[in-house]
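What follows draws every value from the coordinates through simple rules; no lab data is involved. Source: prediction; values computed, not measured. We place every Cβ from the backbone using ideal geometry, glycine too, and count neighbours over all the protein chains shown.
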Amino acid sequence: MSGKSQITVNHLQAGQSGRVVQIMGGHSLVNRLNSLGIRPGKRITKVSAMFMRGPVTLLVDRAQVAIGFGMAGKIVVEVD
Amino acid sequence: MRILLMGNPNVGKSAFFSRITGTRVIASNYPGTTVGFTKGSMKLGQEQVEVIDVPGTYTLEPISKAEEVASQMLQDGDLVIDIVDSTNLERNLYLTQELLERQIPVVVALNIWDDTKHRGISIDAAKLEGLLGVPVIPTVAVTGQGIKELVDRIPEAASPQMPERTPDERWAAVGSIISQVQTITHHHHTWLEHLQDASIKPLTGLSIAALVLATSFFAIRSIGEGLIGYVMEPLFEKLWAPLMMKLSELLGSGGFWHDMLIGELFDGEIDFFQSMGVLTTGLFIPLGAVLPYILAFYLILGLLEDVGYLPRLAVLLDNLMHRIGLHGYAIIPTMLGLGCLVPAIMATRILESRRERFIAATLISIAIPCAASQAMIFGLVGAEGEQYVAMVFGTLFVVWLVLGIILNHTVRGFSPEILIEIPPYRLPSWRAVLTKLWGRVYGFLREALPIILLAIFAIGILYTLGIFDAIAKVTAPVVSGIFGLPKEAVVAIVVGFLRKDVAIGLLAPLSLSAGQLVIGCVVLTMFFPCIATFVVLARELGFRGLLVAIGVMIAATVVVGGLLNLIL
């Protein structure tokens, strides 16, 4: 660990960015997220999250992607 | 020869398809507009070739049903036009890499090229062409820019036949290409981008959603009423009615043909809602009462679709939709259902699991009134007072919610979480909006008009033969006993199987109280979909699914109709 903190996307604040370290999920989840550009090494920004464990909107390159709260909890990012 | 149009969802394949084939297909600004595939043809040199608009896919490893269709279709194609969103080059090139590994010639269209400049993106198309080894042409499908050049270069299409690689190797290849061809300069947020962020954040987003939905409803209602009050009614009353009165005299003011064509006269006058002649009520229902609302609804829906608002609504309503066993994206088929249930039920294919598709299709077919039904409800019930219209819609909303909660707890299976790309807002082009509107209105006229005329004709015959009286006697216990409607209302229920608008119209001559009208409209909306909906429902759910859906439908109608009868 390089001293940078690793947290899941759900712990990111809206507006905060991080680099994807790992997706803790099965083959199918990893594939689906990869195909939308969310994969290890990629910088993503959390745009917003709905309350009550609602979906989380991420900015990946120039595209906005909305994913469920559960999936967001499986994406580990390194905050810079 | 068969050309496939392939690419990620929402990169403009349908707009592209319309451009090169001249065929009109529905294009919108959200992923998953095309769920089946559309065929068309174009002239290439001297040859007439087939063109297929393939549903959008992020990868050739199939994940959803739409993507499965896409990767299967690749087997039967002779050439691929790979349509790429230039503003999202990196992710889009992944599919391109997969395509280049296949044994099929490829041409790449760098679509949405016009958006790159103001977003601070600069792409070296010539260099990209060199790196990919296939022709690369910047295009703007919506305006037609670059399309001719692309078509001219189709003969140059090539298949580099790269060796099959692992996903990581493909991403690495994409990364290396991007670093050589794309430069990004910082740009300030435009007002559209600020609005984009505001409409997805919880507090501002929900306020904007409430505003958008209220405005849409108000706009649809005003445009619909306006067209009826100022255009259609005067046309029918001032121009058509006198002509029909002449015909009535010519036919001798009575007899079989008079009853069929003109129908019954009230105080010697035609009543377009009640006369029930093919040329009076038969024309008035589709053209005078329903068409204005179809126009209004699809104009507003088209704007919302092309701006790209609907996926945001999906995110905002995701929580609510989870309570009924769906996720937010199910709001898109539901909204389409407020126009017509047929495309709505087909659109449930954008949902991933069987369970979600069953719940969504069942709820839509039971609790969502189509634009034609709504027009008739506004016309008939609205005359009694707005509070009764609110009662009909309020009841249907509660039915949708409660039934959804019940289905969520009883239907087995699994509903995945939402996972969607949210397209940027785009200012819609009026041409595109109006073209799409015309396509849908024409669709209504072509499909609905003949059925409505036929239905009115059939009703006339069945009345003459006394068949309805026989049915009414048998069904009286349910219709009168449970729903509290006169026994003749069964005619409307039977006709509802053909067309809901005609069925609701049949409530007009029964001189019902306002409460009975509310019950009648709710029962007609819930009980049995019209025949067109029934056919797609059977196709999408399969025989067993259809039987279950119908069981749910009958039970729900009896319970809700009975309860309303007790309350009202």
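With all projection directions averaged, the alpha carbon convex hull of the protein assembly as shown covers 31.4 nm².
Using the alpha-carbon positions of region B:21-102, Rg (one decimal) and Dmax (whole number) come out as 13.3, 39 Å. Against chain B, whose longest principal axis comes from its Cα atoms, helix B:467-476 is set at around 90 degrees. Straight-distance candidates among the lysines for linking to B:Lys246, with alpha-carbon spacing under 17 Å and chain neighbours fewer than 8 residues away dropped: B:Lys238.
With all projection directions averaged, the alpha carbon convex hull of region B:253-382 covers 10.0 nm². At the listed q of 0.13, 0.15 Å⁻¹, the Debye profile of region B:404-485, built from one uniform point per Cα, gives log10 I(q)/I(0) equal to -0.92, -0.92.
With coordinates expressed along the principal axes, the C-alpha atoms belonging to region B:411-565 extend over 57, 41, 33 Å, beginning with the largest. Backbone geometry of region B:185-194 corresponds, through the Karplus equation with coefficients 6.51, -1.76 and 1.60 at θ = phi - 60°, to 3J(HN,Hα) couplings of 10, 5, 9, 6, 4, 7, 5, 5, 5, 5 Hz, x marking Gly and Pro. By the Cα gyration tensor, chain B has an equivalent ellipsoid whose semi-axes, rounded to whole angstrom, run 49, 26, 22 from largest to smallest.
Backbone geometry of region B:42-48 corresponds, through the Karplus equation with coefficients 6.51, -1.76 and 1.60 at θ = phi - 60°, to 3J(HN,Hα) couplings of 9, 9, 10, x, 8, 9, 8 Hz, x marking Gly and Pro. Measuring how big chain A is from its alpha-carbon positions, Rg and Dmax come out at 11.4, 33 Å.
The slack between A:Ser28 and A:Ile7, meaning 0.36 nm per residue of separation minus the straight C-alpha distance, is 5.4 nm. So the label point goes 7 Å from the Cα of B:Glu164 along Cα→C-beta, right? Which residues of region B:2-19 then have their backbone N under 11 Å from it? Counting backbone N atoms under 11 Å from the label point, the list is empty.
One Cα centroid belongs to region B:373-389, the other to region B:118-146; the line between them spans 53 Å. The P(r) of region B:26-163 has a tail past 22 Å containing 37 percent of all C-alpha pairs. If you wrap the tightest convex hull around every Cα atom of region B:177-330 and split its volume per residue, you get 235 Å³.
For chain B, the relative contact order comes to 12 percent (Cα pairs under 8 Å, sequence separation of at least 6). Straight-line cross-link reach from B:Lys39 at under 14 Å between alpha-carbon atoms covers these aspartates and glutamates, not counting any fewer than eight positions away in the same chain: B:Glu50, B:Asp53, B:Asp76. With respect to chain B, whose longest principal axis is taken over its alpha-carbon atoms, helix B:354-367 is tilted by about 30°.
For B:Ala158, the amide hydrogen comes within under 5 Å of the amide hydrogens of B:Val106, counting only partners 5 or more places away or on other chains and with H modelled in the peptide plane. Once you reduce region A:22-73 and region B:489-552 to the center of their Cα atoms, the two points are 42 Å from each other. Give me the Kirkwood hydrodynamic radius of region B:497-538, using the inverse of the mean 1/r over all pairs of distinct Cα atoms, in Å to one decimal. 10.9 Å is the Kirkwood radius here.
Size of region B:452-513: Rg and Dmax of its alpha carbons, in Å, are 11.2, 32. Projecting label points 7 angstrom from Cα along Cα→Cβ for B:Leu445 and B:Thr185 puts them 4.9 nm apart.
In straight-distance terms, cross-link reach from B:Lys201 covers every one of the lysines whose alpha-carbon lies under 29 Å from its own, apart from those fewer than eight places away in the same chain; here that gives A:Lys4, A:Lys42, A:Lys46, A:Lys74, B:Lys117. Shown in residue order for region B:223-240 are the 3J(HN,Hα) couplings computed by the Karplus curve 6.51 cos²θ - 1.76 cosθ + 1.60 at θ = phi - 60°: 5, x, 4, x, 4, 5, x, 9, 10, 6, 4, x, 4, 5, 6, 8, 9, 6 Hz (x for Gly and Pro). Using C-alpha pairs below 8 Å separated by at least 6 residues, the relative contact order for chain A is 44 percent. Taking all Cα-Cα distances within region B:169-250, those exceeding 20 Å account for 70%. Panel values: region B:138-211, Kirkwood radius from alpha carbon pairs, Stokes-Einstein at 37 °C and 0.692 mPa s, translational diffusion coefficient 189 µm²/s.
Residue separation of B:Thr143 and B:Ala172 scaled by 0.36 nm, minus their Cα-Cα distance, works out to 7.1 nm of gained length.
If one computes P(r) from the Cα atoms of region B:347-459, what percent of pairs lie at distances over 21 Å? Summing the P(r) tail past 21 Å for region B:347-459 gives 63 percent. The C-alpha atoms of chain B define a longest principal axis, and helix B:531-567 lies at about 50 degrees to it.
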